[in-house]
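Peer 1: Sharing a structure below in structure tokens format, with a few things to ask.
The values are calculated or read from the model by the stated rules, or taken from the named source; none is laboratory data. Because the structure is predicted, anything quoted here is derived from the model rather than measured. Neighbour counts are summed over all protein chains in view; Cβ atoms, including those assigned to glycine, are modelled from backbone coordinates with ideal geometry. When the accessible area is computed, the model is the full protein with side chains, heavy atoms only, and any ligands, DNA or RNA have been set aside. Shrake-Rupley method; radii C 1.70, N 1.55, O 1.52, S 1.80 Å.
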Amino acid sequence: MIIYTVKNGDTLYSIAREFGVTIAELERFNGLPDANLITVGQDVLIPVSGSIHTVTAGESLYSIASHYSVPLDSVINANPDIRPPYTIYPEQIIRIPEPSTKRTISVNGYAYPSINRNVLGQTLPYLTYLSIFSHRVTSTGSLDSLNDSELIKLAKAGRVAPIMVITNTEEGGGFSSDVAHAVLETAESRGNLIENVISTATRKGYLGVDVDFEYIYPNDRELYNSFLTELKAELEPRGLTLSTAIAPKISSTQVGTLYEAHDYSFHGSIVDYLILMTYEWGYLYGPPMAVAPYNEVKKVLSYAVTEIPSRKILMGMPNYAYDWTLPFQEGRPAEILSINEAVLRADRLGAQIQFNQNSQAPFYEYSQNGVSHIVWFENARSTAARLQLVNDFNLGGLSYWTVNQFYAQNWRVVEDMFNIRKVL
């Protein structure tokens with residue numbers, strides 16, 4: 001598969017003709033929301049063997065071959081126009097042959113019960129786990145109800161393991177430090193919660209439990225570790241998995257309520273796998289930037305693999321975009337978009353999509369009714385760059401927040417780079 005970036009003067013017809021495919025193939029392969037609209041900077045996936053790489057300063061054929069885990073000779077043979085001494089230059093296009101083997105990874109997707117069933121049906125072939133969000137925990141250890149029975153049934157029919165997610169969230173609100181403290185504080189409240197989790201998981205037919213406790217008070221770190229130990233002891237004999245969602249840290253001494261109670265080393269020793277939430281650098285109320293910048297994600301992974309067995313880590317992937325009004329003002333939220341909506345907006349407004357090399361992410365700016373905006377989103381190149389980190393750090397796989405929207409290009413890139421593990 002080749003990732004082609006639209007240039008001035010391109011049409012879908014000219015792209016199809018250049019690569020010897022049909023317009024219908026491009027439309028189907030890319031899930032283009034409107035095939036009549038493509039804009040400069042947009043990525044189009046070409047369903048042919050191999051891929052292409054745009055050279056950046058300082059790269060060599062050797063470093064490029066190593067990055068894609070293919071033999072140097074294969075890269076040289078795929079580029080007969082490059083002759084000894086094999087000098088390459090920035091912006092040159094290098095063809096990358098397909099690797100001889102693909103790794104098998106696990107892929108998790110968080111989903112709300114409201115997910116469109118057609119979207120779910122399209123997504124299940126690419127998943128190992130479907131984590132249904134969420135059973136809210138109360139301060140006494142009880143669980144709120146969740147309308148999840150149909151999703152559990154559909155997941156199993158698609159050979160995907162349904163995972164029960166528990167959170168310390170409040171109704172209509174965010175994560176609560178106080179709720180977490182109350183339920184973790186005593187052996188009795190922890191025991192009540194564990195009893196309710198086991199009862200619910202076994203009754204509903206879940207195959208595992210994911211604990212997504214966030215903004216835990218730093219002083220409750222050891223209580224949280226105790227809870228995970230006690231929960232694991234009850235899940236394991238029943239053949240149920242335990243996973244946790246953990247904040248993106250770059251050191252063991254990182255301060256902040258989001259980070260301090262998440263003990264990387266301990267979680268790595270006890271859970272079956274971890275969801276490393278490598279997203280939300282660009283966030284709803286924050287200043288405009290990439291949601292999951294490559295350079296920041298790499299820093300987190302560089303630290304994480306020193307504390308956690310790498311094959312237990314599922315790297316977080318965002319499946320959404322943000323549109324910020326400029327100039328940025330504290331307290332004014334961005335608009336949340338699906339990735340398809342972000343691309344369509346650029347197309348319809350004639351905005352030129354740009355690509356930030358440092359964060360390996362696309363963005364564009366536009367003006368409407370005299371108001372300036374900037375949109376950061378994801379495309380095939382940003383997806384491929386971060387998926388390569390799975391190989392670079394020997395990770396166990398990926399986790400998507402959320403799969404409630406279907407973005408075809410993402411799954412094409414995943415499928416091109418990896419085999420997806422099925423546990424049913």
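Peer 1: Which residue, 310, 199, 106, has the most motion in a Gaussian network model of the chain that connects Cα atoms within less than 10 Å?
Peer 2: Taking springs between Cα atoms under 10 Å, the residue moving most is 199.
Peer 1: What residue among 28, 136, 159 has the largest mean-square fluctuation in a Gaussian network model of the chain, using Cα springs under 10 Å?
Peer 2: Looking only at 28, 136, 159, the largest GNM fluctuation is found for 28.
Peer 1: Counting pairs of Cα atoms in the chain, how many percent are more than 43 Å apart? Please report the intermediate quantities before stating the final value.
Peer 2: Values: 13213 of 89676 pairs.
So the portion of pairs separated by more than 43 Å is 15 percent.
Peer 1: So how tilted is helix 221-235 from the main axis of the chain? Cα-based, degrees 0 to 90, rounded to 10.
Peer 2: The angle comes out at about 90 degrees.
Peer 1: Any lysines with Cα under 23 Å of the residue 204 Cα? List them, leaving off those in the same chain fewer than 8 positions away.
Peer 2: The qualifying lysines are 153, 156, 232, 422.
Peer 1: State the Cα centre-to-centre distance between region 235-268 and region 149-164 in whole Å.
Peer 2: 25 Å
Peer 1: While we're on this one: Take every DSSP beta bridge with both residues inside the chain and express the antiparallel ones as a percent of the total, to the nearest 5.
Peer 2: Details: 27 of 65 bridges.
Approximately 40 percent, going by the DSSP bridge assignments.
Peer 1: Still on this structure, I have one more. Send over a whole-number figure in Å² for the accessible area per residue of the chain, probe 1.4 Å. Each step should come with its number before you reach the end.
Peer 2: Working: 18250 Å² over 424 residues.
Result: 43 Å² of accessible area for each residue.
Peer 1: A further question on this structure: How much of the accessible area of region 83-187, probe 1.4 Å, is carbon plus sulfur, in whole percent? Before the final figure, lay out the partial values.
Peer 2: Working: 2480 of 5020 Å².
The value for region 83-187 is 49 percent carbon and sulfur by accessible area.
Peer 1: To the nearest 0.05, what FRET efficiency results for residue 250 and residue 335 with a Förster distance of 22 Å applied to their C-beta separation?
Peer 2: On the way: r = 29 Å, r/R0 = 1.33.
E(calc), rounded to 0.05, equals 0.15.
Peer 1: Moving on. Can you tell me the mean projection area, over all orientations, of the convex hull of region 245-342's alpha carbons? Units nm², please.
Peer 2: Numbers: hull surface 28.4 nm².
The Cα convex hull of region 245-342, projected and averaged over all directions, gives 7.1 nm².
Peer 1: Mind checking the dipole of the chain: about its Cα centre, +1 per Lys or Arg Cβ, -1 per Asp or Glu Cβ, Debye to the nearest 20? It would help to have the intermediate numbers written out before the result.
Peer 2: Working: 31 positive and 44 negative charges, 238 e Å.
My answer is approximately 1140 debye.
Peer 1: Run the dipole for region 282-424 about the Cα centre, Lys and Arg Cβ at +1, Asp and Glu Cβ at -1, nothing else charged, and hand back the magnitude in debye, nearest 20.
Peer 2: Values: 12 positive and 12 negative charges, 92 e Å.
Using Cβ point charges on Lys, Arg, Asp and Glu, region 282-424 gives about 440 debye.
Peer 1: If you average the C-alpha positions of region 335-387 and of region 4-81 separately, how far apart do those two centres end up, in angstrom?
Peer 2: 19 Å
Peer 1: Could you work out how far helix 187-204 tilts from the main Cα principal axis of the chain, as a 0 to 90 degree angle to the nearest 10?
Peer 2: Tilt relative to the chain: about 60 degrees.
Peer 1: When only Cα pairs under 8 Å and 6 or more residues apart are kept, what is the percent relative contact order across region 31-115? Write out the running numbers ahead of the final one.
Peer 2: On the way: 67 pairs, mean separation 30.5, N = 85.
Here the relative contact order equals 36 percent.
Peer 1: Just the Kirkwood number for region 1-143, please: inverse of mean 1/r across all distinct Cα pairs, in Å, one decimal.
Peer 2: On the way: mean 1/r = 0.0531 Å⁻¹.
Averaging 1/r across every pair of different Cα atoms and inverting gives 18.8 Å.
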